[in-house]
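Shown next, in C-alpha cells, is the structure this report addresses.
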Amino acid sequence: MIEDLKKDAETRMAKSIESLRHELSKLRTGRAHTSLLDHITVEYYGSDVPLSQVANISVVDARTLGVSPWEKQMVPVIEKAILNSDMGLNPVTSGEIIRVPLPPLTEERRKDMTKIVRQEGEGAKVAIRNIRRDVLGDIKQLQKEKEITEDDERRAQDEVQKITDKYVAEVDKLLEAKEKDLMEI
C-alpha cells in the first residue's frame, strides 16, 4: 500500500517535471527552434488551428525560422498571426515561404525571461510539494486506521521526502540550464 502511494507520487512528480520542460521550451532563447511558434493559431476555414497544422515549420539557420504554408492563400493569414503574436517577430514573405528572423535578445529582455523561468520553476516546486502533502496525508490516514505502524509511517515519510528532494533538485537543474541558455550571447 505504501509502495503504491510512493509510485503514484513519483508518477505525478515526473508529470510536473515534464510540464515544466514543456513550458520552458516555449520560452525563447537566442537560437531558433520550431517549438517557438507552437502556441500561434491561425484562422483556417472558420476555426482557429495551430500553425503547425497548416504549414511546415523549419529552422533555416541559428536565427531564422522558415514557415511553408500548405496552401498559397494561407501566406498572408499566417504572416499576420505571427506579426500579432506576443513575441515581437517580424515575418518576411518571399513567394510562398515566410521567413521569421529572430531578433537578438536585449539584456533587459534576458533578465525578464530569467524571472519568468524562475516563476515557472517555483510553480513546479509548489506542485511537487503539494503532491508530497497529499501522499503524507494518505500515509497518516493509513496509520490512523491502524493499517500501518508508526515506524512504517515514519519510514514512508522519509522515503517520500527523498523522492520530493530528488524532483526539486531536478527542477533546479532544469532552471539552471535554461538560465544559462538565456544569458548566453
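Label separation (Asn84 vs Glu184): 3.4 nm, computed from points 7 Å beyond Cα along the C-beta direction.
For the chain, which span is the longest to avoid every loop-located (per DSSP) member of trypsin sites (Lys or Arg not before Pro) having at most 14 other Cβ atoms inside 10 Å? It works out to 64-145. Answer rounded, prolate or oblate for region 1-102, using the Cα gyration tensor with square roots of eigenvalues a ≥ b ≥ c: rounded when a/c is under 1.5, else prolate when a/b is larger than b/c, else oblate. Prolate, since a/c reaches 1.5 and a/b exceeds b/c.
Remark: relative contact order (region 44-182) = 17 percent; criterion is Cα-Cα distance under 8 angstrom and separation of 6 or more residues.
Each of Ser35 and Arg133 was given a label point 7 Å from its Cα along the Cα-to-Cβ line. The distance between the two points is 2.9 nm. Estimated from helical segments only, the mean residue ellipticity of the chain at 222 nm is -20500 deg cm²/dmol, where each DSSP H run of four or more residues counts as -39500 (n - 2.57). When the Gaussian network model of the chain links Cα atoms closer than 10 Å, the mean-square fluctuations of Thr114, Thr64, Thr106 top out at Thr106. Here the spin labels are modelled as points 7 Å beyond Cα on the Cα-Cβ line, and at Asp152 and Lys7 they lie 1.7 nm apart. With 0.36 nm allotted per residue and the present C-alpha distance subtracted, the Glu145-Lys162 stretch has 3.6 nm of extension available. Here the contact order of region 34-101, divided by its residue count and restricted to Cα pairs under 8 Å and six or more residues apart, works out to 27 percent. Taking Glu18, Glu79, Glu147 in turn, the Gaussian network model of the chain (Cα-Cα springs below 10 Å) assigns the largest fluctuation to Glu147. Taking amide H as placed 1.01 Å from N in the peptide plane, the amide H of Val59 sits under 5 Å from that of Gly66, each at least 5 places away or on another chain.
Once both axes come from the Cα atoms, what is the angle between helix 107-144 and the longest principal axis of the chain, in degrees from 0 to 90, rounded to 10? Result, in degrees: 30.
Values quoted throughout were computed directly from the atomic coordinates according to the rules given, and no laboratory measurement underlies them. This one's a predicted model, so the numbers in the text were calculated from it and none came from an experiment. Note: ideal-geometry Cβ built from the backbone for every residue, glycine included; neighbour counts use all protein chains shown.
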